[in-house]
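Only one structure is covered here, and it is reproduced in the block below.
Bear in mind that the values in this text are calculations on the coordinates, not laboratory data. These numbers come from a predicted model, not from an experiment. Neighbour counts are summed over all protein chains in view; Cβ atoms, including those assigned to glycine, are modelled from backbone coordinates with ideal geometry.
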Amino acid sequence: MSNAKLTTISPVDNSVYVTRDLAQAEQIQNAIEVARTAQKQWRKTSLAQRAEICEKAVQYFETNKQQIAQEISWQMGRPIAFGAGEIGGLAERARHMIDIAPTALKDVVPKKQDGFNRFIRRDPLGVVLTVAPWNFPLLTTVNSVFPAIMAGNAVLLKPSAQTPLTGEHFAKAFAQAGLPDGVLQCLFLSHQSTTDLVASGDVDFVCFTGSVGAGKHIENAAAGTFIGLGLELGGKDPAYVRSDADLAYTVEQLVDGAFFNSGQSCCGIERIYVDESLFEQFVTQYVAQVKQYRLGDPLDLSTSLGPVVKAGAADWVRKQIEDAVSKGAKAWIDQTEFDNAKADGPYLAPQVLTNVDHSMSLMTEESFGPVVGIMSVKDDAQAIELMNDSDLGLTISIWTKDHQAVLSMGDQLETGTVFMNRCDYLDPALPWTGVKNTGRGETLSSLGYDQLTRAKSYHLKLMA
């Protein structure tokens, strides 16, 4: 019987860009067995050996960045002009996790007790399943794959069906770097096969990035297996512009924060609250900058805004805009100003809306597209209340010159990360985490190693 196929439709021209055979049950079971065998040997290698191999894998991505960037453009529509940035981000995060591994993974030794040798060792979990998304297929995958391998685990990598070639590049990178066979394997899996693999309990940890609905599905599948889960499920991330903000700088950064990658970022800015004293100036300057985007073919170096990943994603954003306008919102961008914008399909012009409130889906449900709503607020208290009014909590950014005000507000904000005068960025020295329906667990920083290892206590009584 022939295998079922994975088919990737490019948003660039609606053509079939990639086809691959989906792994069948026997292949999946074989991959698990190979991973188990390989991991038992891999865990015995030194951290220095692991670091050398991981560094060579990073260099593979740097060497092949032009090809990889072009493939990503075809697969999910990001302008090729920004493609190299994702490879740079991968290198930054990977090298940070490589560098901190000796400290993060070292034995924890409590206060000395005469007659005893006591310490805590961080053992690898075994086999880690990484289920990667399409929107940043390198930047999200690196968060778990490199630290998992550095910690002595084996990895089964399931790339998104929209960006399957990135999974193959991870496999090639580590193979050329000298990683033993079986320590990292790329598997093309259907949704059902992924669910079945999680439910089997044959892996020891799952790193999943995706929607809230898909995260719940993964959690339900894992019920009763007692395997660990890391779930990063998106955001409806707000920005608050205080009265003392540097207006020109703030506008520039928040335009990029909302519209980079066509707004398809879990930590992208989807709603903005502006102090009433700055509101009119802010909106005027913001709209003017958004109109500078060039929507078009992502393979054209002059394109700054590509198509969204598929027509259905664009339709959802259109629906949110229509709903908001029907309830009194003002749309500032005339779609006809963007030559390549279409009434249907994935080529979607950017949009900015005011006269918005939290009765509108635009301000409460994740958009994941090139649209943002802007509201006027009277003070910090109102801004905090509105920013917390979400079932998601990934990042919040505050734009001000008052450092102490941000620290004070931070204690009241329901979020994984508090930014000041920046947004839409991951610092690998800090844990990437969230609250509420954004998910559970942490990646990056030393805490990222905690969830990819298990503690083993040694309590040794010394005899004379």
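Figures for the structure shown
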item: Interatomic Cα distance distribution for the chain, bins of 10 angstrom, percent; result: 4, 20, 28, 25, 15, 6, 1, 0, 0
item: Region 237-428: radius of gyration over Cα atoms, expressed as a fraction of 2.2 N^0.38 Å; result: 0.97
item: Rg/Rh (Cα only; Kirkwood hydrodynamic radius) as it applies to region 23-117; result: 1.16
item: The chain: angle of helix 65-76 to the longest principal axis, Cα-based, in degrees nearest 10; result: 60
item: Listed residues A313, V128, L254: farthest to the positive end of the dipole of the chain (Cβ charges); result: V128
item: Between helix 139-150 and the chain: long-axis angle, C-alpha atoms, 0 to 90°, nearest 10; result: 10
item: Length added when fully stretched, Q70-A199, from 0.36 nm per residue minus Cα-Cα; result: 42.9 nm
item: Cα centroid of region 78-133 to Cα centroid of region 156-219, whole Å; result: 18
item: Amide H contacts under 5 Å for L184, placed H, 5+ residues apart; result: V155
item: Over region 237-428, relative contact order from alpha-carbon pairs under 8 Å, at least 6 apart, %; result: 29
item: Rounded tilt (10° steps) of 25-42 against the dominant C-alpha axis of the chain; result: 60
item: Spatial separation of Cα centroids for region 260-333 and region 378-454, in angstrom; result: 23
item: Length gained when the stretch R36-S211 is fully extended (0.36 nm per residue, less Cα-Cα span); result: 60.1 nm
item: Linear extension gain, N3 paired with S359, 0.36 nm per residue minus alpha-carbon span; result: 123.5 nm
item: Residues D334 and T225, FRET efficiency given R0 of 56 Å [Cβ-Cβ distance, rounded to 0.05]; result: 0.60
item: Relative contact order for the chain, counting Cα pairs under 8 Å that sit 6 or more residues apart, in percent; result: 19
item: Dipole in debye (nearest 20) - the chain, about Cα centre, beta carbon charges: Lys, Arg +1; Asp, Glu -1; result: 1920
item: Residues listed by number, region 85-114, amide nitrogen under 19 Å from D427 label point at 7 Å toward C-beta; result: 89-101, 104
